[in-house]
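These notes are about the structure you will find just below.
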Amino acid sequence: MNDDRSHSSLLVPPSTQDRMQGVLSAKVVLVMYGDYQCPRSADVYKLIKAIKRELSAAFREDYLCLIFRHFPQAQIHSHAQRAAQAAEAAAAQGQFWSMHDTLFAHQQKLENGYLIEYANNLGLDIPQFLKELSKQVHVDRINEDIEGGIQSGVTTTPALFINGIRYTGHWNTTELMAAMIAASH
């Protein structure tokens, strides 16, 4: 296999198993590998949210499908893995994106006590949430995301794939939006 290609394409195609906002049939399917404790992941997610709003307004609601996959870099971010588990425990109660947004908004506060506070604020069933965290129920799913990321050449976060192709431009609204619009044609 040509090594160059292995790092530029998404080898695990988007599916209904993914955490997504939008529909898989969207013109642009954006897959983001992120880490809740990584400041650049948070910044890029903010960019994407703003772009998604603009594209939805300019084109239509289902123009962009955003998929988030976990890529906690446990060796540098001690709380990232646990935060990813909290997001998945929230997902089990239908609150993935609310927890996801909360974790990125409060990156400095990802210790267990805070995770419980966030779950409580979202109205989650706390005993259930705690049980899933302590039993590490969602670890396999997170590891699958990591594994798929590694197969697609992801080594650090954030990593973005637009319609299956790795985005290598600058992390700014103009370039990222232009890349999305170009990919949609």
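The values are calculated or read from the model by the stated rules, or taken from the named source; none is laboratory data. Given the structure is predicted, the values throughout are model-derived calculations rather than measurements. Because the Cβ atoms are built from the backbone with ideal geometry, glycine has one as well, and the counts that use them run over all protein chains shown. Accessible surface is based on the protein model in full, side chains and every heavy atom, while ligands, DNA and RNA are left aside. Shrake-Rupley method; radii C 1.70, N 1.55, O 1.52, S 1.80 Å.
Would you be able to say whether some residue in region 127-136 is of a type in the set (S, T, N, Q) and closer than 22 Å to L64 by Cα? Looking through region 127-136, none of the residues is of a type in the set (S, T, N, Q) and closer than 22 Å to L64 by Cα.
Checking Y36 against (1) without any contact (Cβ under 8 Å) to a residue 40 or more places away in the chain; (2) more than 22 Å from M180 (Cβ to Cβ); (3) surrounded by 14 or more Cβ atoms within 10 Å (Cβ to Cβ), only one condition comes out false. Which one? For Y36, the failing item is (1).
What is the one condition in (1) within 17 Å of D101 (Cβ to Cβ); (2) open to solvent by less than 60 Å² (accessible area, probe 1.4 Å); (3) modelled with pLDDT of 95 or more that V29 does not satisfy? Result: V29 fails condition (1) only. Scanning region 33-51 for residues that are under 15 Å from Q21 (Cα atoms) and β-branched (V, I, T) yields I48, I51. Of everything listed in (1) among the small types (G, A, S); (2) in contact with a helix residue (DSSP H, G or I) (Cβ under 8 Å, 6 or more places away or on another chain); (3) more than 22 Å from I162 (Cβ to Cβ); (4) touching a residue at least 12 places away in the same chain (Cβ under 8 Å), the single unmet condition for A50 is (3).
Filtering region 11-59 to residues that are among the hydroxyl-bearing types (S, T, Y) and under 22 Å from S78 (Cβ atoms) leaves Y33, Y36, S41, Y45.
Kindly indicate whether R60 is closer than 15 Å to W97 by Cβ and free of Cβ contacts under 8 Å to residues at least 40 places away in the same chain.
Values: closer than 15 Å to W97 by Cβ: no; free of Cβ contacts under 8 Å to residues at least 40 places away in the same chain: yes.
No, not satisfied.
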